[in-house]
Structure formats: C-alpha cells, structure tokens
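One structure coming up, written as structure tokens, with questions to follow.
The values are calculated or read from the model by the stated rules, or taken from the named source; none is laboratory data. From a predicted model like this one, the values you see are computed outputs, not experimental measurements. Every residue, glycine among them, receives a Cβ derived from its backbone with ideal geometry; neighbour counts consider all protein chains shown. Heads up: the accessible areas ignore ligands, DNA and RNA and are worked out on the full protein's heavy atoms, side chains in. Shrake-Rupley method; radii C 1.70, N 1.55, O 1.52, S 1.80 Å.
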Amino acid sequence: MDTRTGLPVVGMVGGGQLARMTHQAAISLGQSLRILAVAPDDGAAQVAADVYLGHHTDLDALRAFANGCDVVTFDHEHVPVGHVAALVADGINVAPGPGPLRYVQDKRAMRERLAELGVPIPRWAAGAEAARFAATVGWPVVVKAVRGGYDGRGVWFVDRDDPLPEVELIVEERVPLRRELAALVARSPFGQVAAYPVVETVQRDGICVEVLAPAPDLDPRRAVEAQQLAIRLADELAVVGLLAVELFETEAGLLVNELAMRPHNSGHWTIEGARTSQFEQHLRAVLDYPMGDTGLTAPAVAMANVLGGEAGGMPIDERLHHLFAADPAVKVHFYGKQVQPGRKIGHVTALGEDMATVRERALRAARWLREGG
Ligand code: ADP
C-alpha cells in the first residue's frame, strides 16, 4: 500500500511493452506500477517511477522487488516456478500463482492438463516419438520447444528429412486451420470472471500481425463456446488475472493451441476498442477489484502490429506526422524500443462501423510506420 495515497502497489516482473501499457492503466487507478526490469532502457523502465533493476531468474532480486508489493504479477512467463513458489512461501501475494504458471511455461505440461480436462487440442506426442507420431498423422509435423518459445521462435514445421532441433520438444499434427481466434478472459481471486468478445488473430512467420474484434462472421454459438471454454479453463487452472486462450478454428470446430496468463497481443485492441482495457482488467483482477465492462466501443475494431523496418528512409517522427495527417482517428502506441527489422515496436488501432474499412486503415497505418511508403 502506498501510505500517501492509500492505493495498492502492484509489482510487475518484466519491463517490456506489456508492463509499459499496464503502467499506463495503473496511472488512472491512482497507482504507480513497480517494475522489475533487466535494463534501464526497457520499455516500462523508461516510463515508470518505481523501477528495480534485476534479472527475473535471480531470487534475491525478485525478493527485494516484491517486498512491499500488495501483489506481484508478470509481463512474461520466464520466472522459474520454484522462485514464484519461494515468493509465495515468503508471504508474497503472487498472481497468477505457481500452480497455473507451470502450464504456460511448459507446453508439454499444458497439453497433458488440457487433455485431462477433455479440452480439444491438436494431436501431439513427446519429441522422442516424433518419427512414429509423424507416421500416423503424416508429414510435415509441427515441432515445438517445450520451454521458452515466443512469437513463433521455438516452433518449426518439420518434414521427413529435416533434422530436429536439439532442445526438449513436443510434436504436433499440422492442423488444417481455417483461421486463428483468441478468447480473452480475466478472473479475480473472488472468482469473478469477465470475457471479452472473441477475436480473430492473423499471424505471419509466427508473429501476430493483426487482430480483428469481434472476429468477423464467427458463428455466435462458436463465439460463446470459445468464451465458455476460456472461462472454464480460468476456473479449472485457478488463474488470477488475464487468461488468453489461442484457438485454431477448423472445419470440425475449435482446438486450443496455447495459453497465456498475462496481458496478450490479442487484447491490445481493448485500449480503445473496449470499455475496459485488458491492462486495467488485469490490474483489477489481481487486486480482487470487481471486473470492468468488456463491451466494444465500436462495431468494428482492428489492431495491427508495427514491426521495425529496414534502416534509412523517412525518420519515424516524420512518418507519424504524415500518418496523423492522413488518418486523424487512428491510434498509435509505440513501445519505446529500438527499431530492428521484424521486431514489434508498436501497434495501431482503428475503430469504425465496418470491418473491411477499419482493417484497411490499421494495415495501411502499420505499413506506413514500418516502411514510410
Ligand atoms: P508461440 O508460443 O511462439 O506463439 P504457437 O504455438 O502459438 O507459438 O505457434 C505459433 C504459430 O504457428 C501459431 O499461431 C500458428 O499460426 C502456427 N502453428 C502452431 N502450431 C500449429 C499446428 N499444430 N498446426 C498448424 N499451425 C500451427
């Protein structure tokens, strides 16, 4: 508790863009997010006042940072579960706790748990059984690192004669997907759960490049099914905070691909496109406040990620001038990152009446910021 304001202190491990945008939401709630950042130029460390520098794998650094926090939460899933359990043993309130976190750190444990719960997932096997498994489901197969993957790093489409990466793996059938969807919910310790409209996510090279809210032409029964699935998982896994459920839509129905227990790229559109942003919702949930309204603020919302382009060309600041002149209503979020080709450096959001139009506006804005042309 901040004795000056009487309002809680939330600590977030990790100083990336998710912490940066959570900090923005914390400001409105009268708080100043405490950040554990690796470097002073991490996106959130640039903007928050209460920054601890240290590594998330260093238990002493985690303890020093957590001391005095009402609750500790995460902008990524890389804190060792043993460290999280040690903080809990110290009496620190950690959300989500070590139980649920285990599943977002270990794709194998997640699939075993989802299978136990009877949740539809792609057919899969342990890496050691890759050849036998592929003989059953057919090449190519999708091979995934059990730990540490993100943005498609740690996911490989492997054919019969390709060598397997030398890390602990699982192997999956290549799902004939119609498209990808995401269901985002938040759950509080009290057990209140709030679900956002189901969105369509578009990935390129394993990176999410576009999110459309609500998912266009989604059968309303399927949308409810996805939301109910996410709510059920949040309850069964005892998640506190946000749970993003990444889904594959196939001819036969929905399959769960991946879970995340933190603010998620598929929810960035909520900053302008929902009555309560995912970042505020995450704070409300971990603090056991009642959940905010998840309704849309416009019939159609499109978010496009801004990836770093090649060096040179028009300076980024000048690109912004042009973009704002061309589309005064598009909203831009930069993450304070150094530009590197292909790296997520920000996102843009467009709202309107018609999905085709807002999608075109968001894509055009993101392409312009990336390429300046
Ligand atoms: P990450 O944890 O790096 O985000 P994911 O498991 O979400 O990795 O996979 C990244 C992308 O790869 C997915 O969004 C999807 O486009 C594709 N993909 C992953 N698994 C499969 C699969 N079994 N079949 C077809 N495509 C897949």
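Would you be so kind as to identify which of Leu29, Thr357, Pro220 lies farthest towards the positive end of the dipole of the chain, taking Lys and Arg as +1 and Asp and Glu as -1 on Cβ and the Cα centre as origin?
Checked the options; the winner is Leu29.
Need the C-alpha centroid separation for the range 158-192 versus the range 1-79, integer Å.
If you average the Cα positions of each part, the centres end up 28 Å apart.
What ranking, highest mean first, results for peptides 196-202, 140-146 when packing means the other Cβ atoms within 10 Å averaged over each residue?
196-202, 140-146
Leaving out same-chain residues fewer than 8 places away, which aspartates and glutamates sit with a Cα under 12 Å from that of Lys144?
Hits, sequence-local ones excluded: Asp106, Glu166, Glu168, Glu172, Glu173, Glu258.
Subtracting the Cα-Cα distance from 0.36 nm times the residue separation, let me have the gained length for Glu116 to Asp317 in nm, one decimal.
Length gained between Glu116 and Asp317: 67.2 nm.
When Lys and Arg each count +1 and Asp and Glu each count -1, what net charge do the other residues less than 14 Å away from Cys208, Cβ to Cβ, add up to?
-2
Assuming R0 = 30 Å, can you tell me the calculated FRET efficiency for the pair Leu53 and Glu360, based on Cβ-Cβ distance, to the nearest 0.05?
0.10
How large is ³J(HN,Hα), in whole Hz, for each residue of the range 338-351 in order, when computed from phi with the Karplus curve 6.51 cos²θ - 1.76 cosθ + 1.60 and θ = phi - 60°, using x for Gly and Pro?
5, 6, 9, x, x, 7, 5, 10, x, 8, 10, 10, 10, 10
If you don't mind, another one. Keeping all protein chains in place, calculate the accessible area per residue for the chain (probe 1.4 angstrom), answer in Å².
43
Same structure again: Mind checking the full-extension length gain between Ala64 and Arg204? Use 0.36 nm per residue of separation minus the Cα-Cα distance, one decimal, nm.
Gain on stretching Ala64 to Arg204: 46.4 nm.
At 7 Å along the Cα-to-beta-carbon direction for both Gln338 and Glu166, put a label point, then send me their distance in nm to one decimal.
2.9
Then there is this: For a protection proxy built on the mean count of beta-carbon atoms within 10 angstrom, sort 221-234, 253-266 highest first, please.
Averaged packing, sorted descending, gives the order 253-266, 221-234.
Counting only helical runs of four or more DSSP H residues, what would the 222 nm mean residue ellipticity of the chain come to if each run contributes -39,500 (n - 2.57) and the total is spread over all its residues?
-9000 deg cm²/dmol
Top mean-square fluctuation among Gly154, Gly313, Gly82, Gaussian network model of the chain, C-alpha springs under 10 Å?
Of Gly154, Gly313, Gly82, the most mobile in the Gaussian network model is Gly313.
What FRET efficiency comes out for Glu251 versus Ala326 if R0 is 35 angstrom and r is the Cβ-Cβ distance? Round to the nearest 0.05.
Efficiency computed from Cβ-Cβ geometry: 0.30.
Next up: Starting from 0 in steps of 20 Å, tell me what percent of the Cα-Cα pairs of the chain lands in each bin.
For the chain, the pair-distance distribution reads 28, 60, 12, 0.
Ranking request for peptides 156-164, 117-125: highest mean number of other beta-carbon atoms within 10 Å first, then the rest in descending order.
Averaged packing, sorted descending, gives the order 117-125, 156-164.
For the range 117-178, run through the GluC sites (Glu not before Pro) and keep only the ones in DSSP coil with at most 12 other Cβ atoms within 10 Å of their Cβ.
When the GluC sites (Glu not before Pro) of the range 117-178 are filtered for loop state and at most 12 Cβ neighbours within 10 Å, Glu166 remain.
Beyond 21 Å, what share of the Cα-Cα pairs of the range 177-371 is found? Please give it as a whole percent.
Tail of the P(r) past 21 Å holds 51 percent of the pairs.
Using 7 Å Cα-to-Cβ label points, what is the Arg4/Phe157 separation (nm, one decimal)?
5.4
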